[in-house]
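All remarks here apply to the structure that follows.
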Amino acid sequence: MPKKKETTQSELETLRDIIAPSALEVTSNYIKIGTKYAKTIFIFTYPKYLASNWFSPIINMGQPMDVSFFIHPYRTEKVMKTLQGQITSITAEMMEREEKGLIRDPMLEAAHQNIEDLRDKLQAAEEKMFKFGLYITLYGDNPKKLDQMENELRAILESRMVYIKPALYQQKAGFNSSMPIAYDELLIHNSLNTGPLSSTFPFVSFDLTSDKGILYGINRHNSSLILFDRFSLENANSVIFAKSGSGKSYFMKLEILRSMMLGVDIIVIDPENEYQFLAETVGGSFFKISLTSEHHINPFDLPPIGKNENPGDVLRSNIITLMGLLKVMLGKITPEEESILDSAITETYSSRDITPERKDFSDITPPLFTDLQTVLESMQGGESLAIRLKKYTEGIYSGFLNQHTNVNLENQLAVFNIRDMEEELRPVAMFIILNYIWVAIRKNLKKRILVVDEAWWMMRHENSAEFLFSMAKRARKYYLGLTTITQDITDFVNSPYGKPIITNSSMQLLLRQSPASVDVVQKTFNLTDEEKFLLLESGVGEGLFFAGNKHVAIKIIASYTEDQIITSDPAQLLEIEKAKEELEKEEEIEEGE
């Protein structure tokens, strides 16, 4: 076996030269390390009570610093002996005051009670005593910056009755003590028992980290990972508000990719054709819904009857949904016309032998809008409604609405694209697609996410907004997470169903906002002025992320491969397209050779 080569003294010196700074200057108040300055401060006194999380504002300052804790345990029997001496002294003083006829001293009585409580807990091994040293080394580009940081630190801590001092003439010892070598050179300690010490360690800071779920981004407060499962929240719904180009669709596509890896099914309503490449890349379904499209959805489709459901209730529920859709399609409807429509829809279903008495609707072909029109024409007072419906059954819109369903949601990712749909028909298309999805979701229980991009289209109409809100309320029952995305928060919030949708969403993402809408955002989400300005100044993919009762500043980060799949940047898309064309040309040349 070859003999292990030992490191020579000259080799050690060379290694030290490599890792050592170019210069080191030690003064009474700071150390200069190369071009950087460092200053060590220590905590020398604590208040009587320490609240939990008292140190978290320091951790979340966002300033470069090193923090060291040194915890040296005391021997319990030695502490008990010391406390015995203190309790004897305090008892004697209290008796002396009583003999002299002096009034009681509350401070002495409180000290007596505290020592007795501590002795009891030490005796029962519920508490222990420690010598505790807390050192903080600040870093800056100049001494002025160090003084500024020290003043900020002092202001935060003194508001909690915690006092600090710089390690004057001990900066070298302080710097060494804050290095990760576990060597305490300062030796400036306070005696703390387990309770107060536990309020300091471990560090408590704003985080959204869990042991399951997906990575959503980086916590800008402390660079920790925002990692959790949205289905572990009170409900799995989410809302995303941001101005155009701030990264809302990028974030959503990133969540889709990562959720799919955990077996979650995804359904997307895509108004701007942003999800087609993603669907094609992962082998998902892409349905183009337009006036000339080959993909159709029949609003008269009925859901399967569940085990504990009444067929009559299911049919009635679908009739109510159709009434809401017809209000969006036909515009203003009088109460008389609404009554006529209700009767006409019921009769239309009856014409296909679909009645509340049936136990199963799956073996019957549902009616079309043509059938409804025929029924209306034969009803007294229904002629006007039939004429208004005719443009959807015989006119240019008939190819979209008056067809039997020929799409399905069998793939893990299904995208419904409505970019080429007439603007007038977009709310109608979104309503129909959502209703079809809702019917499909009720067939079998599984973990799903439904994404409604540019949801403000639906919020413009009361009936479609009400339908979206009802989905948000009932989604949890069907293991569904509803995500609504919009860049027009004013229109969204002004809808009577806008705020209820937000309050029924446990997860919320706010990216960069425009000055015109940021005040509405601040009021809606109860943001501080600092958080408001953060949203105004955030870069692309940066903002505030809310999950339950917690919220943090987030930075969305994707890997190179993910970025190539989900990017919406036109410049990047052109480069990708160009690269694909060059690759195809090279393959053609190789085949020719």
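Structure notes:
- Residues in the stretch 392-446 that are hydrophobic (A, V, I, L, M, F, W, C) and surrounded by fewer than 16 Cβ atoms within 10 Å (Cβ to Cβ) were compared, and the one that is modelled with the lowest pLDDT is ILE396.
- When the stretch 132-144 is filtered for residues that are more than 13 Å from ASN29 (Cα to Cα) and surrounded by fewer than 16 Cβ atoms within 10 Å (Cβ to Cβ), only ASP141 remains.
- PHE546 passes every criterion in (1) surrounded by fewer than 23 Cβ atoms within 10 Å (Cβ to Cβ); (2) touching a residue at least 60 places away in the same chain (Cβ under 8 Å); (3) within 23 Å of ARG230 (Cα to Cα); (4) touching a Ser or Thr at 6+ places or on another chain (Cβ under 9 Å) apart from (2).
- Every residue from the stretch 19-42 that is under 16 Å from ASP141 (Cβ atoms), of a type in the set (A, V, I, L, M) and surrounded by fewer than 16 Cβ atoms within 10 Å (Cβ to Cβ): ALA23
- Within the set PRO21, PRO73, PRO64, the sole residue that is in contact (Cβ under 8 Å) with a residue 24 or more places away in the chain and over 28 Å from ALA155 (Cβ atoms) turns out to be PRO73.
- Entirely in the stretch 6-120, the helices (runs of 4 or more DSSP H) that have 2 or more residues that are within 28 Å of LEU192 (Cβ to Cβ): 56-59, 76-99
- Filter pass, PHE203 being assigned to a helix (DSSP H, G or I) and either under 30 Å from GLY543 (Cβ atoms) or at pLDDT 90 or above (or both): no
- Close contacts from the stretch 160-173, counting a first residue that is more than 18 Å from LEU24 (Cβ to Cβ) and a second that is acidic (Asp, Glu), with Cβ to Cβ under 9 Å and a gap of 6+ residues or different chains, come to ILE164/GLU150; ILE164/GLU158; PRO166/GLU150.
- Qualifying residues in the stretch 43-77 (those that are more than 21 Å from TYR183 (Cα to Cα) and among the aromatic types (Phe, Trp, Tyr)) - the one surrounded by the most Cβ atoms within 10 Å (Cβ to Cβ): PHE55
Condition check ((1) of a type in the set (A, V, I, L, M, F, W, C); (2) buried (at least 23 other Cβ atoms within 10 Å of the Cβ)) across all residues:
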residue	(1), (2)
SER238	no, yes
PHE251	yes, yes
MET261	yes, no
PHE277	yes, no
GLY284	no, no
ASP301	no, no
PRO311	no, no
SER317	no, no
LYS327	no, no
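Yes or no, residue by residue, for (1) more than 36 Å from the chain's Cα centre (by Cα); (2) outside any loop (DSSP other than H, G, I, E, B):
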{"position": "LYS165", "(1), (2)": "yes, yes"}
{"position": "ASN176", "(1), (2)": "yes, yes"}
{"position": "GLU185", "(1), (2)": "yes, no"}
{"position": "ILE188", "(1), (2)": "yes, no"}
{"position": "GLY195", "(1), (2)": "no, yes"}
{"position": "GLY217", "(1), (2)": "no, yes"}
{"position": "LEU227", "(1), (2)": "no, yes"}
{"position": "VAL239", "(1), (2)": "no, yes"}
{"position": "TYR250", "(1), (2)": "no, yes"}
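- All positions within the stretch 250-278 that are touching a Ser or Thr at 6+ places or on another chain (Cβ under 7 Å) and within 30 Å of ILE396 (Cβ to Cβ): GLU274
- Meets criteria (exposed (fewer than 14 other Cβ atoms within 10 Å of the Cβ) and aliphatic (A, V, I, L, M)) for ILE103: yes
- Scanning the stretch 455-474 for residues that are in contact with a Lys or Arg (Cβ under 9 Å, 6 or more places away or on another chain) and either at pLDDT 90 or above or surrounded by fewer than 22 Cβ atoms within 10 Å (Cβ to Cβ) (or both) turns up HIS461, GLU462, ASN463.
- Check on ALA125, over 26 Å from PHE42 (Cα atoms) and surrounded by 16 or more Cβ atoms within 10 Å (Cβ to Cβ): no
- Residue, farthest from PRO311 (Cα to Cα), within the stretch 327-385, restricted to residues that are part of a helix (DSSP H, G or I) and in contact with a Pro (Cβ under 6 Å, 6 or more places away or on another chain): VAL328
- Among the candidates MET161, MET179, the residue that is among the hydrophobic types (A, V, I, L, M, F, W, C), closer than 16 Å to TYR46 by Cα and surrounded by fewer than 16 Cβ atoms within 10 Å (Cβ to Cβ) is uniquely MET161.
- Residue pairs whose Cβ atoms lie under 6 Å apart, sitting 6 or more positions apart in sequence or on different chains, and linking a residue in the stretch 391-408 that is without any contact (Cβ under 8 Å) to a residue 12 or more places away in the chain to a partner that is in a loop (DSSP other than H, G, I, E, B), are LYS391/TYR397.
- Pairs are defined by a Cβ separation below 8 Å, a sequence spacing of at least 6 or placement on different chains, a first member in the stretch 107-124 that is in contact (Cβ under 8 Å) with a residue 12 or more places away in the chain, and a second member that is in a loop (DSSP other than H, G, I, E, B) and surrounded by 12 or more Cβ atoms within 10 Å (Cβ to Cβ); the pairs so defined are LEU118/GLU127; LYS121/GLU127; LEU122/LYS128.
- Some residue of the stretch 424-441 being more than 30 Å from SER259 (Cβ to Cβ), out of contact with any Lys or Arg (no Cβ under 6 Å at 6 or more places or on another chain) and in a loop (DSSP other than H, G, I, E, B): no
The values are calculated or read from the model by the stated rules, or taken from the named source; none is laboratory data. Since the structure is predicted, the reported quantities are computational estimates derived from the model, not experimental observations. Please note: Cβ atoms are built from the backbone with ideal geometry, for glycine as well, and neighbour counts cover all protein chains shown.
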